[in-house]
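Structure first, commentary second.
The values are calculated or read from the model by the stated rules, or taken from the named source; none is laboratory data. Small disclaimer: the values here were computed from a predicted structure and weren't measured. Heads up, the Cβs are rebuilt from the backbone with ideal geometry, glycines too, and the neighbour counts pull from every protein chain shown. Side chains are part of the model used for accessible areas, which takes the heavy atoms of the whole protein and leaves out ligands, DNA and RNA. Shrake-Rupley method; radii C 1.70, N 1.55, O 1.52, S 1.80 Å.
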Amino acid sequence: MTGNGTTDRTDGATRGWDRTGPPSRSRWIRWPEGTHNRAPGDGPHGPIAFGGDYNPEQWPEEVWAEDVRLMREAGVNLATVGVFSWARIQPDPDTWDFAWLDRVLDLLHENGIAVDLATATASPPAWLTTAHPEMLPVDRTGVVLGQGGRQAWSPSSPHYREASLRLVEQMAQRYGDHPALAMWHVSNELGCHNGRSYSAVEEVAFRRWLQERYSTLDELNAAWGTAFWSQHYGAWDEVQPPRAAPSFLNPTQQLDFARFSSDALLDQLRAETEVLHRHTPDVPVTTNFMVMSHFSGVDYATWTPGLDLVSNDHYLMAHDAESYVELALSADHTRGLAGGGPWMLMESSTSAVSWQPVNAAKPAEQLRRNSLTQVARGADAVCFFQWRAARSGAEKYHSAMLPHAGTDSELWRTVVGLGADLQALREVTGSRVVAEVALVLDYEAWWAAELDAHPSAVLRYRDLAQDWYRALWDRGVTVDVVPRGTDLSRYRVVLAPLLYLVRDAQAEAFEEFVHGGGALLTTFFSGIVDEDDHVRLGGYPGAFRDLLGVRADEFRPLLPEQTVAVSGTLGAGTGTLWSEPVRTDDAEVLLTYDDGPSAGYAAVTRATRGSGHAWYAGTHLDRAGRDAVVDGLLAGVTAPAEATDGVEVVLRRGDAGEYLFAINHTDTDGQVHAEGTELLTGASCTAPTTVPAGGVVVLRR
Ligand code: GAL
């Protein structure tokens, strides 16, 4: 082990759930008898789940009959019910009104539509926040975030916890045996709006959390480095959340607060899950994640072990011209969190959202492509927010499966067509995506890399990961995007860009991987600190110096508009963001800086370790440079089938066969060099198979 890292503090079991890992009692949707769309040709997971959030409480009851009729018409077989209906179910502390929900569940069941029943705890009713204003979240400047939106609760509030668990008990007792119940949906997007609360309630809980992590105040003082700036704590009561302060805050305090905040939500998730498992041990429990480019609020790798199945909400950012790459990365990441197994797309949008500056509409073909890409990348469910477009409330301009315009609309016809596509693909469920390459994406490293007072404030962890991912996407190479702690032995290539914070165990796992014959790539500002955010001394990149055979004694970040020229055996190009003066020990130099602050030093290197290789990029290479590195790194790992440019290819493998998905993102016909039965049309295809402009083919081989 290089660097002077500490012993990892929190790996291993903690707080009753394993710290990281895939679902430990993996279970799929428990499809009720008589599920609409279930058919003999279904794969091991049954049909592909198709549906969305259904909010009948927002509509007069006369509308419900039309809802289920149209759901059947579209092939909907799963409805998520009750997400925001707490105030309707419990209009005051002593009144419960389940009659309407009984009728909803009965109606859905009579129509063969299974129910993903929410615990309804996401948004507390006004009577609760009025009675206990101390449960409201507070931002870092002390502003109380009030009722009138949603999710107005502080994760550690005892009042909220008690009231929410009472509701969960009621839901589980009442509906645990309901024949429509296929799964439980805890809360909704935990941490979406209230992920960091600086309330007095959280202050107490934060201290308790710190006391578990550091048994003594001395240990905390050491981990936080409080000798700096006179921050020493002499009593636990002096320790606070990192509220707004006159200067930079203590980085380890910030990092621990991020960990604590994730754990506080996890405690809520765990508490609700325990109630559900106690009442209905066989009904799977999930909570919808937000694995997408702009959300880093919680460390999902620590949440998955206690869930039965992983589900995700994914929304595109309208300004992203290549949003299909981001979508693929997020899908691969969700699958990585699910341990490589199938997962649910719990929410996406049929067209526009309502929360971006300009809410671009989604062309019909894109909706189809996006949805089938999620299936290609392991989703056995394609669900949307929401079933019927709202006519009031803050999301009334959000698209839905059934738009304001009704069924005489292009969107409705596309949704019906998608239902038919998913029905045609029903045999793929339960099959697994095949990948030989992993990209380590770690929320802790993300938090730490983007802390303030760093050499550069413009490094964006997820964006840099996506830049490297892009090179793999271009080559049609499928990537498992995995959390720290994942067993790497099944991969041939691993990428870990900008892994600024690395725990000792992860650094050792990389060494083992490379010495076992794997190819690893890491980049500048990786391996720099241990889990306390303390610098690993002796030169950069700290934990990885020996493995990479390189050493730099300065960072030399570049100004935003600055570029440096690099050249060598990989070609010539430019670098941005960083230009470390890398000296090699026993590594081979593949690119050298031609100019800039580190002219003459190595920019890209490769060390040989046994039959493995450890690659290092000390600058952010341009696209051609990343391509050249990835070509070398892949050394024989290829796409599952050759395809023309802009055609995305992914392979799922199951007991009954292999399914090759080819998705054409261009507006001209493309080709994939594969043959088989095309499941969407039933046609028999011989290689090369045409992939229509903007279209999708799925070949059974
Ligand atoms: C999600 C949320 C849904 C809905 C949707 C709109 O964040 O879970 O309830 O608000 O976004 O895009």
task = With a 1.4 Å probe and every protein chain kept in, tell me what percent of the accessible surface of region 19-169 is carbon plus sulfur.
result = 53
query = Across region 266-274, in residue order, what do the Karplus-derived ³J(HN,Hα) couplings come to in whole Hz, using 6.51 cos²θ - 1.76 cosθ + 1.60 with θ = phi - 60° and x for Gly and Pro?
reply = 4, 4, 5, 4, 5, 5, 5, 4, 4
task = With label points built 7 Å along Cα→Cβ from the Cα atoms of Ala131 and Lys396, find their separation and express it in nm.
result = 3.2
note = Between Trp578 and residues 5 or more places away or on another chain, the pairs with built amide H atoms under 5 Å apart involve Leu558, His620
message = Going by Cα centres, region 668-701 and region 169-189 are how many Å apart?
response = 41
Computed helical MRE - 222 nm, the chain, DSSP H runs ≥ 4 contributing -39500 (n - 2.57), nearest 500 = -8500 deg cm²/dmol
key: Long-range HN-HN contacts of Gln90 with modeled amide H, under 5 Å   = Asp97
key: Rounded to whole Hz, the Karplus (6.51, -1.76, 1.60) HN-Hα couplings of region 625-630, x for glycine and proline   = x, 5, 4, 5, 4, 5
request  = Over region 437-634, with every protein chain in place, what whole percent of the accessible area is carbon and sulfur at 1.4 Å, could you tell me?
outcome  = 48
Residue-normalised accessible area of region 112-182, given per residue in Å² at a 1.4 Å probe = 37
message = For Glu531, what residues show an amide H to amide H distance below 5 Å, using hydrogens built from the backbone and excluding near sequence neighbours?
response = Thr6, Asp504
Accessible area of region 647-700 divided out per residue, in Å², using a probe of 1.4 angstrom = 40
task = Hey, can you find the accessible area per residue of region 437-634 for me, probe 1.4 Å, expressed in square angstrom?
result = 32
For peptides 516-528, 233-245, sequence by mean Cβ density within 10 Å, most packed first = 516-528, 233-245
task = Just read off the accessible area of His232 with the full protein assembly in place, 1.4 Å probe, to the nearest 10 Å².
result = 120
message = If packing is taken as the average number of other Cβ atoms within 10 Å across a peptide's residues, how do 66-75, 596-605 rank, most packed first?
response = 596-605, 66-75
